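The values are calculated or read from the model by the stated rules, or taken from the named source; none is laboratory data. No experiment lies behind these values; they were computed from the predicted model shown. Positions of Cβ are backbone-derived with ideal geometry, glycine not excepted, and every protein chain shown enters the neighbour counts. SASA here: full protein model, heavy atoms, side chains in, ligands and nucleic acids out. Shrake-Rupley method; radii C 1.70, N 1.55, O 1.52, S 1.80 Å.
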Amino acid sequence: MLKNLVGGRWQEVSRPTLPVYNPATGEVLEEVPLSGEEEVDRAVWAAEEAFASWKETPLT
């Protein structure tokens, strides 16, 4: 099962998962966590924190 990457760290999620299928073969490639409100809130907070410095990064 895949994990969530939040703030540069892999997070364990003990939630139900959703299979990801190969559209050509129907084979299950991986399981992804169905993150809940708490996991999503942590991810949004980490993204807001990262954006503060990232927005100052020059294009080249």
Q | region 1-36, residues that are among the polar types (S, T, N, Q) and more than 25 Å from Ala47 (Cα to Cα) | A | Asn22, Thr25
Q | Pair list, Cβ under 8 Å, 6 or more apart: region 46-57 residue farther than 14 Å from Leu5 by Cβ and touching a residue at least 12 places away in the same chain (Cβ under 8 Å), other residue open to solvent by less than 100 Å² (accessible area, probe 1.4 Å) and not in a helix (DSSP H, G or I) | A | Glu49/Gly7
Q | Filter result for Gly26 (in contact with a helix residue (DSSP H, G or I) (Cβ under 6 Å, 6 or more places away or on another chain) and among the small types (Gly, Ala, Ser)) | A | no
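I'd like to verify a number: residues in region 18-32 that are open to solvent by 50 Å² or more (accessible area, probe 1.4 Å) and in a strand (DSSP E or B), how many? Steps first, please.
Taking region 18-32 and keeping what is open to solvent by 50 Å² or more (accessible area, probe 1.4 Å), we get 18, 20-21, 23-25, 27-31.
So of that shortlist, the ones also in a strand (DSSP E or B) come out as 18, 20-21, 28-31.
Residues in region 18-32 being open to solvent by 50 Å² or more (accessible area, probe 1.4 Å) and in a strand (DSSP E or B): 7 in total.
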Q) Only one of (1) touching a residue at least 24 places away in the same chain (Cβ under 8 Å); (2) within 13 Å of Met1 (Cα to Cα) is not met by Ser14, so which one is it? A) (1)
